[in-house]
Amino acid sequence: MKPSPFTYHDPHSLDEALALLNQYGEEARIIAGGQSLVAMMNLRLAQPDHLIDINNIPVLNGIECQDRLLQIGALTSHQDILQSELVRQSCPILTNAAAHIGHYAIRQRGTIGGSLSHADPAAEWPMIAILLDGEMEIAQLSGEKRTLGARDFIQSIYTTDLAPEEILTKISFPCLEENEGWAFKPFARRRGDYFIVAVAACLTLDQSGRIKRLRLCLGGMEATAIRLDEIEQGSIAHLPDENWIREVAKAACNEGNPVDDHNADVEYRRELVEILVTDALQDAFKGTQRG
Amino acid sequence: MNQTNDKTAFLNAGKTLLRKEDRRLLTGHGRFTDDIHVVGELHACFVRSTYPHAKISALNTAEASAAPGVITIVTAEDLSEWTTTLRLAPPIEGLLPIEMTALPKDKVRFYGDLIACVIATDRYLAEDAAELVIVEYEPLEAVTGMFAAMEEDAPLVDEELGSNMISHQSFETKSIQKIMKAADRIVESTFATARQTHLPIETRGCIAEWDEGSQHLTMHIGNQAPHPFRSVLAGRLKLRESQVTIVVPDVGGGFGQKIALYREELIVAALARHLKRPVRWREDRMENMLASSHAREDFARTRAAVDSNGRIIGLMLELIEDFGAYCFYPANYLARVVAMILTGPYDIGEYAYDVKVVLTNKCGNGPMRAPMAITSWIMDGTIDNIARELELDPVQVRRLNMLADSAYPHTMATGETMEDINPGTALEKGLESIDYKNFRKRQLDDRTRGVYRGIGICSVVESTTYGSKFYKAAGIPGSGHECAWVKVDPSGEVRASAGVMSTGQGYETAFSQAVAEGLGVDPKDVAIKLGNTDVAPYGMGSRGARGATAGGGTVYLAAAAVREKALAIAAKLLGLNSADHLSIQEGRVCWFFDGKIQETELTLSDIARTAYLDPTSLPDGMEPGLEVTKAYDPPPMTYSNSCHFCEVVVEVNSGIVKIERYLVVENCGNVLSTQIVEGQQLGAISMGLSGSMFEHMIYDESGYNQTGLLSEYMMATASELPEIEIISVATPNRRTPIGLKGMAEGGVMGSIGAVSNAVSDALAPFSVVIDSHPISPLSLRQKLRKSH
């Protein structure tokens, strides 16, 4: 469990990092927190010749909120997100999701950009990004930036749209609306584990108490988290009553194309979805009643 | 033992003290194998099989040998020059003898099996080179299940044996067959434990140093039984035992995985000698999980003949154990104990067992904390099944079949004699504490609300501290005695040692209390020196819950002998005719006079100084010095008992089990150190719950291990485990020093049974019975779906 040989680079600016990436291309990997990459290197599942450490590029780190858009630097650690008052006020589902990531030591080192670039289908950030239609800001050597919605960025298991020469620099989430109810319900055998199945939901109601917008996302049912667009659309103007919750849960559990493994068979994943969707929608509804 | 073993008679045994080890361990100053560095050391890395079962048709190390930093790469042929073949052939009926070389010559038997060893200047380079070793395999069909292994045309794991069934023993009382035939009712039950591994936080590892000048090997290694390890290592290296010293530093857990001499350590030692340079090896986590040793994976079937009241009139056990591919222990060693002590606290005179152990293409098994872990689940699970089938209360069936506490000593049908235990008291005390009387009503009320609550009860009779007589009777070579010395230096400093070795249990604390008790000093003034075979006396090491009774007990006896000598000297110095009324308390000689204990001016230091430096003042004929080495052979078996109670709520939609209450009533005799015993109880129960609810070493049908990483192998953490309440109903053992008993394994036995029985009880409305582990949410859903 020792990595194969590699050259370590320690750029102090984004330009320097991009130049290195351009130079080494697919032979290089970026290391931020290293919580997945180092394990893969130790198992020799990843054998990069060049490791480009972005920890000394301060511009990549930090949380701010402008025009109801929460912007998080890619190098921001899970723990910093968990502890951020700004995040808690503007997008509390992120705070809740961060609390489910690994354990304290992992959260201290692991970063949101690293998690999204790694695109583990059982990880919290890719799922939350898909739920909230987060926008990825990507830097290129030319000095150009491009932005991409989460659903386009995350393509499959461990696969993103990121080119070998690019760096994910920032993730933006629209702030939750006032009185928007939300819930994140992961199911894992042990505290801190990657989830087996997870459900995330955001719900807003109009003044008459009918559904204005539902966002509903399943994790663990496909190679990426999936949004249930049809159910979301079909729920608009519905009364958010127990009946509706039951119907949505029943419909949601037929979504996706999950696999059997020793943690869960297909049927069990669907059973969990039904339970977790029910739970999530009940919580989200309660959230809408807070104001 | 000429003593009352009345707990109140002890001044130091049973006290709660801060652990002596913790100053260094909790401040980061522990010294583990990895903290030791030797100038010029080389690093070993093993090339391992990527097939579950295959012939090695070619092995090419040329490119790897030329890689940077590589000193040498050795194969089976090289090792056969430097090491002998292990032959394990105890004269046990039904057990096939096996032979094992340092490296497999022609074929590999499991995924992770050894092929070659790379020695390089650091571990990174060694791993780089290991990747360059070219192995050509000719894949063979793998046998991965115990039932498949017993089929006639099954592929053979070890061709030399001609069969995969390496061990088969049976026993029956005279009338059991007749009783079973005549019985009105036979209740049949099955039980299956999952394959597990020990998972010490510190994996295996060692440093071998060969001193060419003195022709001496020093081995730094985390090991539970340093002297027996030395004997085997010296033998297999063709060295005299005096040429080998084993030094055990701090050890991060063993649980049975660090007893035997495995192949890796042998190879590292052989290479240090061959290269005349120190060689170190640290097993990485993946190696530890794939290829160190595994445990459990037992299947049991009981057939109980019962009358209409639930009284058991005859019991038959069939037990099969999947032992994996290699035996570092006699294969019958673990399963046999289950069969021997199965009936435990129950009055079952007619009994039969049939125990088979089979080899498969998986990592070999080794004893893991509570090798007989499944025992109490089998017995109390059988009782619960009887209650269910006859629609009786499970407590009623227990009471009906349980021996009265006054019936002990009692000899089981197998000839095992239990004494000084109180299973009846433990059961009743627990029932009262959990308010069993009202539980069934609570359970029914909850069911009407869709809440499925259950209670599981498991009585444990724990076999501990196996004495020499037990080994002899079992046909296993070896001894159950232990050896210790206690020395008072001329300065009055007290040191003690024994052959057992701690892997984190806190022996330094517990043994200092044993010395304090025997000698009459403060525990803080006693230094305990363990783990160096040149310092410690030859002992049998730590296993089978023998640390306190064999280790601590022998230390106590040696300390008491030192006290006796010290008091004889004191009597002489004080001008008394006899030492009858003298004692030592906190290092000072006291005199019992006029109904009161009075201090004299004499201290243990004064006596020690006289003993060493003024021998002419000693009583006539007395040897100078103040030290005693003592050996002690405990009774054939020292039994403890406990009764476990687990209350769960099962969410039937998700299959999630919530433990709402866990309570254990314990009788582990008098103890040396209360908080260390409590730590062992909590640890053992946690290990059993984790094993029965979470852990599962999964092999696929082809023999590939699916769970070789900590992310895949589910071990419970503190977050998943319940609060545990402990109630003591201790009674001392009449024959052991201080009335000690072992206790470190019963918690595993009891928790496995209690949680399984609790889930079955909760799911009774669905007719779901837990008959296999782990009790995962998925497995419960699969069972519940079938019941609908």
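Just a few scattered comments:
- Qualifying position, being open to solvent by 20 Å² or more (accessible area, probe 1.4 Å) and in contact with a Gly (Cβ under 6 Å, 6 or more places away or on another chain), among B:466, B:471: B:466
- Against the conditions (1) in contact with a Cys (Cβ under 6 Å, 6 or more places away or on another chain); (2) surrounded by fewer than 24 Cβ atoms within 10 Å (Cβ to Cβ), residue B:525 satisfies every one except (1).
- Counted residues, region A:246-269 - those being assigned to a helix (DSSP H, G or I), more than 9 Å from chain B (Cβ to nearest Cβ), open to solvent by less than 30 Å² (accessible area, probe 1.4 Å) and in contact with a helix residue (DSSP H, G or I) (Cβ under 7 Å, 6 or more places away or on another chain): 3
- Any chance residue A:212 is open to solvent by 50 Å² or more (accessible area, probe 1.4 Å) and either in contact (Cβ under 8 Å) with a residue 12 or more places away in the chain or over 23 Å from the mean Cα position of the chain (by Cα) (or both): yes
- Qualifying residue in region B:27-41 (condition: outside any helix (DSSP H, G or I) and acidic (Asp, Glu)): yes
- Whichever residue in region B:744-788 is β-branched (Val, Ile, Thr) and more than 14 Å from every other protein chain (Cβ to nearest Cβ) and, among such residues, is surrounded by the most Cβ atoms within 10 Å (Cβ to Cβ): B:752
- When residues of region B:123-155 are limited to those that are among the charged types (D, E, K, R) and away from chain A (no Cβ under 11 Å), the one surrounded by the most Cβ atoms within 10 Å (Cβ to Cβ): B:141
- For residue B:500, the stated conditions do not hold, so it cannot be described as surrounded by 14 or more Cβ atoms within 10 Å (Cβ to Cβ) and more than 22 Å from the chain's Cα centre (by Cα).
- Among the conditions (1) in contact (Cβ under 8 Å) with a residue 60 or more places away in the chain; (2) part of a loop (DSSP other than H, G, I, E, B); (3) surrounded by fewer than 21 Cβ atoms within 10 Å (Cβ to Cβ), the only one that residue B:535 does not satisfy is (1).
- Number of the exception - residue A:272 against (1) under 11 Å from residue A:218 (Cβ atoms); (2) open to solvent by 10 Å² or more (accessible area, probe 1.4 Å): (2)
- Taking the criterion of being under 16 Å from residue A:112 (Cβ atoms) and among the small types (Gly, Ala, Ser), the only residue of region A:135-148 that qualifies is A:139.
- Qualifying position, being of a type in the set (Asp, Glu), touching a strand residue (DSSP E or B) at 6+ places or on another chain (Cβ under 8 Å), under 30 Å from residue B:296 (Cα atoms) and not in a loop (DSSP other than H, G, I, E, B), among B:127, B:99: B:99
One line per residue, one yes/no per condition, for (1) under 23 Å from residue B:509 (Cβ atoms); (2) open to solvent by less than 10 Å² (accessible area, probe 1.4 Å); (3) in the same structural domain as residue B:408 (by TED's automatic domain parsing):
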site: B:622; (1), (2), (3): no, no, no
site: B:646; (1), (2), (3): no, yes, yes
site: B:655; (1), (2), (3): no, yes, yes
site: B:659; (1), (2), (3): no, no, yes
site: B:663; (1), (2), (3): no, yes, yes
site: B:666; (1), (2), (3): yes, no, yes
site: B:678; (1), (2), (3): yes, no, yes
site: B:687; (1), (2), (3): yes, no, yes
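- Only one entry in B:482, B:517, B:493 is surrounded by 22 or more Cβ atoms within 10 Å (Cβ to Cβ), within 23 Å of residue B:568 (Cβ to Cβ) and either outside the structural domain of residue B:589 (by TED's automatic domain parsing) or of a type in the set (Asp, Glu) (or both), namely B:517.
- Checking the stated criteria, residue B:199 turns out not to satisfy the condition of being without any contact (Cβ under 8 Å) to a residue 60 or more places away in the chain, open to solvent by less than 30 Å² (accessible area, probe 1.4 Å) and either within 29 Å of residue B:477 (Cα to Cα) or within 14 Å of chain A (Cβ to nearest Cβ) (or both).
- Wholly within region B:555-666, strands (runs of 3 or more DSSP E) carrying at least 2 residues that are within 30 Å of residue B:733 (Cβ to Cβ): B:582-585, B:588-593, B:627-632, B:638-651
- Helices (runs of 4 or more DSSP H) fully within region A:28-96 counting 2 or more residues that are within 14 Å of chain B (Cβ to nearest Cβ), touching a residue at least 12 places away in the same chain (Cβ under 8 Å) and open to solvent by 10 Å² or more (accessible area, probe 1.4 Å): A:37-42
- Within region B:223-241, the set of residues being in contact with a Gly (Cβ under 7 Å, 6 or more places away or on another chain) and open to solvent by less than 10 Å² (accessible area, probe 1.4 Å) comprises B:225, B:226, B:227.
- Single condition residue B:734 does not satisfy, out of (1) assigned to a helix (DSSP H, G or I); (2) away from every other protein chain (no Cβ under 14 Å): (1)
- Selected residue (criterion: modelled with the highest pLDDT) from residues of region B:274-325 that are out of contact with any Phe, Trp or Tyr (no Cβ under 9 Å at 6 or more places or on another chain), surrounded by fewer than 24 Cβ atoms within 10 Å (Cβ to Cβ) and of a type in the set (Gly, Ala, Ser): B:305
The values are calculated or read from the model by the stated rules, or taken from the named source; none is laboratory data. Source: prediction; values computed, not measured. Don't worry about glycine lacking a Cβ; one is built from the backbone with ideal geometry, like all the others, and counts go over all protein chains shown. With ligands, DNA and RNA removed, areas are computed over all heavy atoms of the protein, side chains included. Shrake-Rupley method; radii C 1.70, N 1.55, O 1.52, S 1.80 Å.
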